[in-house]
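The values are calculated or read from the model by the stated rules, or taken from the named source; none is laboratory data. Source: prediction; values computed, not measured. Counting neighbours? That spans all protein chains shown, and the Cβs are built from the backbone with ideal geometry, glycine included. These accessible areas exclude ligands, DNA and RNA; they are computed on the full protein's heavy atoms, side chains included. Shrake-Rupley method; radii C 1.70, N 1.55, O 1.52, S 1.80 Å.
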Amino acid sequence: MFEIHQAGPADAGEIFTLQRAAYVDEAQTYGDPFILPLTEGLGRIETLLADEGALVLKAVVGSRVVGAVRAGVTDTTGVVGRLVVAPDLRRRGIARALLSRVEEELRERRPDLAALTLFTGAQSAKEQRLYREVGYAETHRERVADHLVMVHMRKELSAVGAAR
């Protein structure tokens, strides 16, 4: 079983390593070893985790970080990013639990949130299916390179849910 906690500066190395491991198969799918999650440096993650206002959650099994997600807010929209799960522990509910928890945390911090957004690759069918299952709908697609199309998704938040 896993637990979810706020990540801190001491988690930077593990999250950096986890992120690289989690995105290798996506890089192979797109034939591009330079996708942003694989080129993001350890220093950037350290800076993010040192920011007290940052929302970065980690899923842990014992002392091992097995999943992570980060989020921010733009106006009244939460922006979810870098959802990662250790390749050997996928399909065990970790990603779903991280999405649920990041939504709870964002709602708690910002009760005025109207929606959550995220994006994923057009060829990432499993990820798109998960996002749809938890309430996201595709809003548009964006070609960012000849070989790469991003699918942007949005989840509307009800005022009733936000006022819990």
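Using modelled backbone amide H atoms (1.01 Å from N, in-plane), which distant-in-sequence or interchain residues come within less than 5 Å of V73's amide H?
V79
Please work out whether region 67-151 counts as rounded, prolate or oblate from its C-alpha gyration tensor, where a ≥ b ≥ c are the square roots of the eigenvalues and a/c under 1.5 means rounded, while otherwise a/b larger than b/c means prolate and anything else oblate?
Because a/c hits 1.5 or more and a/b fails to exceed b/c, region 67-151 counts as oblate.
Using a 1.4 Å probe and ignoring any ligands, DNA or RNA, find the accessible area of F2 and quote it in Å² to the nearest 10.
Here the residue's solvent-accessible area equals roughly 40 Å².
For L36, what accessible surface area do you get with a 1.4 Å probe? Give it in Å², rounded to 10.
Here the accessible area works out near 110 Å².
What is the Cα convex hull volume of the chain when expressed per residue in Å³?
In the chain, the Cα hull volume divided by residue count equals 115 Å³.
Out of G53, G81, G121, any idea which swings most in a Gaussian network model of the chain, alpha carbons joined below 10 Å?
G53
If you add up the charges near E40, with Lys and Arg at +1 and Asp and Glu at -1, over every other residue whose beta carbon is less than 14 angstrom from its beta carbon, what do you get?
Residues near E40 contribute +2 overall.
Using each residue's phi in region 25-33, evaluate 6.51 cos²θ - 1.76 cosθ + 1.60 at θ = phi - 60° and report the 3J(HN,Hα) Karplus result to the nearest Hz, with x for Gly and Pro.
After applying 6.51 cos²θ - 1.76 cosθ + 1.60, I find 5, 5, 4, 5, 4, 8, x, 9, x Hz.
Just the number, please: carbon plus sulfur as a percent of the accessible area of region 5-116, 1.4 Å probe, no ligands or DNA/RNA counted.
Result for region 5-116: 52 percent of the exposed heavy-atom area is carbon or sulfur.
Using a/c under 1.5 as the rounded threshold, could you call region 1-62 rounded, prolate or oblate? The axes a ≥ b ≥ c are square roots of the C-alpha gyration tensor eigenvalues, and prolate needs a/b larger than b/c, oblate otherwise.
Oblate shape, in that a/c is at least 1.5 and b/c is the bigger or equal ratio.
So what is the accessible area of region 51-113 per residue, in Å², with the probe set to 1.4 Å?
About 48 Å² of surface per residue is accessible.
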